Amino acid sequence: MRFRVSPVDAGRRLDVRLAEENPESTRSQVRKWIDQGLVTVNGVVALRAGRVLRENDEVTVDFHKGNPIM
């Protein structure tokens, strides 16, 4: 999964935005993806679920890396 942060979503938390992008997943599941190192922002592994997103950030979740907890 990959998306670019729009001006409307700038300033929002990474975990909240990811949960919205993937509605079948909970914020708890999203935080596990972040803890597992599956989420990157602009090519850098995201370390905090509460990271504030900026306009044009590119968020990627690599489900093929390891075995994500869904």
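The values are calculated or read from the model by the stated rules, or taken from the named source; none is laboratory data. Nothing here was measured: the structure is a model prediction, and the numbers come from that model. Methodologically, a virtual Cβ is constructed for each residue, glycine included, from the backbone with ideal geometry; neighbour enumeration extends over all protein chains shown. All accessible areas refer to the heavy atoms of the entire protein, side chains included, with ligands and DNA or RNA removed. Shrake-Rupley method; radii C 1.70, N 1.55, O 1.52, S 1.80 Å.
Observations
- Residue check for Arg31: in contact (Cβ under 8 Å) with a residue 12 or more places away in the chain and loosely packed, with under 13 Cβ neighbours inside 10 Å: no
- The residue list Gly43, Gly37 contains one member that is open to solvent by 20 Å² or more (accessible area, probe 1.4 Å), in contact (Cβ under 8 Å) with a residue 12 or more places away in the chain and among the small types (Gly, Ala, Ser), which is Gly43.
Conditions tested, residue by residue: (1) within 10 Å of the chain's Cα centre (by Cα); (2) at pLDDT 95 or above.
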residue	(1), (2)
Ser6	no, yes
Gly11	no, yes
Arg17	yes, yes
Glu24	no, no
Gln29	no, no
Arg54	no, yes
Asp57	no, yes
Phe63	no, no
Ile69	no, no
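- Among the criteria (1) more than 10 Å from the chain's Cα centre (by Cα); (2) open to solvent by 70 Å² or more (accessible area, probe 1.4 Å); (3) free of Cβ contacts under 8 Å to residues at least 40 places away in the same chain, the one Arg48 does not fulfil is (1).
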